[in-house]
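Everything below concerns the one structure shown next.
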Protein chains: 2
Amino acid sequence: MKAAVFYGPRDIRIDQAADPKLKDATDAIVRVTHSCVCGSDLWSFRGMSDRKKKTVIGHEFIGIVEEIGAGVKKIKNGDFVISPFSRSDGICPECLAGISSSCRNGGYWGEGGYGACQAEFVRVPNSDHMLFKVPKNKTSKKLMPAFLALSDVLCTGYHAAVCAGVGKEKTVAVIGDGAVGLCAVLSSKFLGAKKIILLSTHPDRAKLGRKLGASDIVSARGEKAFKAVRKLTKDTGADCVLECVGTKESWKTAFKIVRKGGRIGWVGVPHDVAPINIGDVFGENVGIMGGRAPAASYIPKLLPHVLSGELSMSGDVFTKTIKLGDIQKGYEAMDKRREIKVLIKL
Amino acid sequence: MKAAVFYGPRDIRIDQAADPKLKDATDAIVRVTHSCVCGSDLWSFRGMSDRKKKTVIGHEFIGIVEEIGAGVKKIKNGDFVISPFSRSDGICPECLAGISSSCRNGGYWGEGGYGACQAEFVRVPNSDHMLFKVPKNKTSKKLMPAFLALSDVLCTGYHAAVCAGVGKEKTVAVIGDGAVGLCAVLSSKFLGAKKIILLSTHPDRAKLGRKLGASDIVSARGEKAFKAVRKLTKDTGADCVLECVGTKESWKTAFKIVRKGGRIGWVGVPHDVAPINIGDVFGENVGIMGGRAPAASYIPKLLPHVLSGELSMSGDVFTKTIKLGDIQKGYEAMDKRREIKVLIKL
């Protein structure tokens, strides 16, 4: 099969690789129909992560089940399925507690003997737990981007909103206008937020943000942005701040714009974030919750709302579609921020 | 009037001070009937805080309204009232959001022109908001310690539980067997927790902890304590960890015994706590919420449950009663951990 391989910074190539084979009785082989490039893949592309050279890459995919192991009961050949972006077993205490992203027997794609999914086929473990079937009469072409968003960015944006305690009557500020930030806007709208402020300095992203539910756009950075958010929240700060970037600057912004007693829901993979001195926030009562989203727990909860149309606009974060062979161009387009998120149609 | 004065480490004396007088129209003068010594006062007593010498001290009190300003509407002379341990105005956005402990016009007792309350009288600002009346037919002598606990420790223990997300079916671990930790146990029981583990190496405190609702006691420290909690939680950790100490060691324990996806509710005033690197907990999804408890928001919510008996056992944290003149002995008894909490009967 064909698979994307990270050769080093700014060098992703398509190589020929062995087709994955069933190994465990609960495995399934999925033929990938759609994959995509993630903002977190860009850290590798930019040479800012410790990813080894000549390793497979990609963790978001949907596709069709080609083959199942003898122990698979719920999933069948030919099923159209959505996979979470990390592996989990569905039976450990963490999975049972709904935090599948901390599964004690889980891990990432491309590690632990598993392939990555900017590729034609993937072996999926614990497939009755890991794969979420879309009913056959619901697999419309139009919804494919939204199904793919469920694999990661919609669940991740939703996690930010849940962790920040978004709900009715809440004022929300979203830091990050990438695919996750935009999905965080949509999720906040879905959860009933009263006011949704998106911090965005890119007019095209801000426009999409408004479409997804943002009531206000703050198109400034630093001190100006803090002031603008405080003005929009009557000099109080936002009840819920959704941190969808993961940098020192985005965290500084989060603390500056959250109200006292408010919550920061964070999902941006942290890069060089300054340590938090708990003594500094004793009087502020700012809650900090977040981390890697438990997509396997969220997909079954959110899929009905993608099908109903409430969350189907998540597919709008894909602004370009490429073929697998054009993978390098896909990374470049996202790296240069020419595109929000690049879909790979196999 | 008589008032306790901090002369320096290990030296608290009773001095003669001017009686407080009404200043603002919303002020009330309260004759203190019961006050107490707080664990946080001990930081000063031990010379580990930056409290200035010859300053008044004490922040927890209940008493009888002696005089009211022209603008006071709800509170009347002769009312028996409970006061929160910090000042707030009740009308700023923070107060309206329920986070009165972050009131933008508030502060501590003994600061900003206000007296402290290990004293005979106190001037209380915004008294319609700040003072909570106990109905006359409910002011039984037996409940006085529980009313006094509402001034701080019960609200603070409750805040730890709320911040950690305690509720039905939750497994809770409480770090700290002082008055706040014990009130956190009682609050967790009140909120419906399934299992409440108290970390306590003092048999008398552990015994009281069991009475207040602890289902399990871990009487170990360090690695042994971590292992014991993990064993009690089927190798998973607690859903909710209530950090009621505020030291480097207690925070280390909190991170060691919380389950992935769980929450640390913290109320111990932080002293030399190690900074938290958010990057270290991305995969763990551990939430961190807490700070100074908004007692003015909690007292009206909890008072009915003190009166009904559900939370009246909070008064049991007072293990000794002294006269104001014996204040130095009261501090010493708490410093040496001979008593859990010392009540001052005026």
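Values quoted throughout were computed directly from the atomic coordinates according to the rules given, and no laboratory measurement underlies them. Not measured: the values here are computed from a predicted model. Reconstructed Cβ throughout: ideal geometry from the backbone, glycine too, with neighbour counts over all protein chains shown.
Values computed for the structure shown
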read-out	value
Approximate spin-label separation A:Ser308-B:Asp235, in nm, with each point projected 7 Å along Cα-to-Cβ	4.0 nm
Neighbour-limited loop hits for trypsin sites (Lys or Arg not before Pro), region B:152-219 (at most 15 other Cβ within 10 Å; DSSP other than H, G, I, E, B)	B:Lys168, B:Lys194
Chain lengthening between A:Lys207 and A:Arg221 when straightened (0.36 nm per residue, less Cα-Cα)	3.3 nm
Cα-based shape type of region A:156-290, given that a ≥ b ≥ c are square roots of the gyration tensor eigenvalues and the cut on a/c is 1.5	rounded
Considering only the protein assembly as shown, percent of DSSP beta bridges that pair antiparallel, nearest 5	55 percent
Full-stretch length increase - A:Lys323, A:Asp50 - with 0.36 nm per residue and alpha-carbon distance subtracted	95.6 nm
DSSP-defined beta bridges in chain B - what % are antiparallel, rounded to 5	55 percent
Fewest-first sequence of B:Val267, A:Val32 by Cβ atoms within 10 Å of each Cβ	A:Val32, B:Val267
For chain A: relative contact order, % (alpha-carbon pairs under 8 angstrom, 6 or more apart)	19 percent
Shielding score for B:101-107, defined as the mean number of other chain Cβ atoms within 10 Å	3
Other copies of A:Met48: label-to-label distances in nm, shortest first, labels 7 Å along the beta-carbon direction	4.0
Local net charge near A:Phe121, Cβ-Cβ under 9 Å (Lys/Arg +1, Asp/Glu -1)	-1
Residue with peak Gaussian network fluctuation, chain A [Cα springs, cutoff 10 Å], from A:Phe85, A:Phe282, A:Phe255	A:Phe282
Subset of A:Lys234/A:Lys256; A:Lys73/A:Lys141; B:Lys136/B:Lys323; B:Lys170/B:Lys231 violating a 19 Å alpha-carbon distance limit	A:Lys73/A:Lys141; B:Lys136/B:Lys323
Sites A:Lys76 and A:Lys142, calculated FRET efficiency, Cβ-Cβ separation with R0 22 Å, nearest 0.05	0.35
Label point distance in nm, B:Lys21-B:Glu249, each placed 7 Å from Cα along Cα→Cβ	5.0 nm
Two-site FRET efficiency, A:Lys2 against A:Glu67, from Cβ-Cβ distance with R₀ of 22 Å, rounded to 0.05	0.75
Region B:193-260 and region A:233-260: distance between their alpha carbon centers, rounded to Å	32 Å
For region A:68-166: relative contact order, % (alpha-carbon pairs under 8 angstrom, 6 or more apart)	31 percent
Which of A:His129, B:His159, B:His305 has the fewest Cβ neighbours within 10 Å, and the rest in rising order	B:His305, A:His129, B:His159
Peptide-level mean, for A:269-281, of C-beta atoms on other protein chains within 10 Å	5
Of B:Tyr108, B:Tyr158, B:Tyr331, the one that fluctuates the most in a GNM where chain B has Cα springs shorter than 10 Å	B:Tyr108
Region A:169-272: GluC sites (Glu not before Pro) in DSSP coil with no more than 14 other Cβ atoms inside 10 Å	A:Glu169
Out-of-range pairs (alpha-carbon distance over 25 Å; input A:Lys224/A:Lys252; A:Lys194/A:Lys341; B:Lys227/B:Lys320; B:Lys53/B:Lys336)	A:Lys194/A:Lys341; B:Lys227/B:Lys320
Exposure proxy ranking, count of Cβ atoms within 10 Å, fewest first, for A:Ser215, A:Ser308, B:Ser127	A:Ser308, A:Ser215, B:Ser127
Per-residue mean of C-beta atoms belonging to partner chains within 10 Å, peptide A:237-248	1
Across the identical copies, how the A:Lys194 labels are spaced - nm, sorted shortest first, 7 Å along Cα→Cβ	3.5
Inter-copy label distances at A:Ala18 (7 Å, Cα→Cβ; nm, one decimal)	8.9
Alpha carbon convex hull of chain A, volume per residue in cubic angstrom	125 Å³
Kirkwood hydrodynamic radius (C-alpha pairs) into Stokes-Einstein, the protein assembly as shown, 20 °C and 1.002 mPa s, D in µm²/s	79 µm²/s
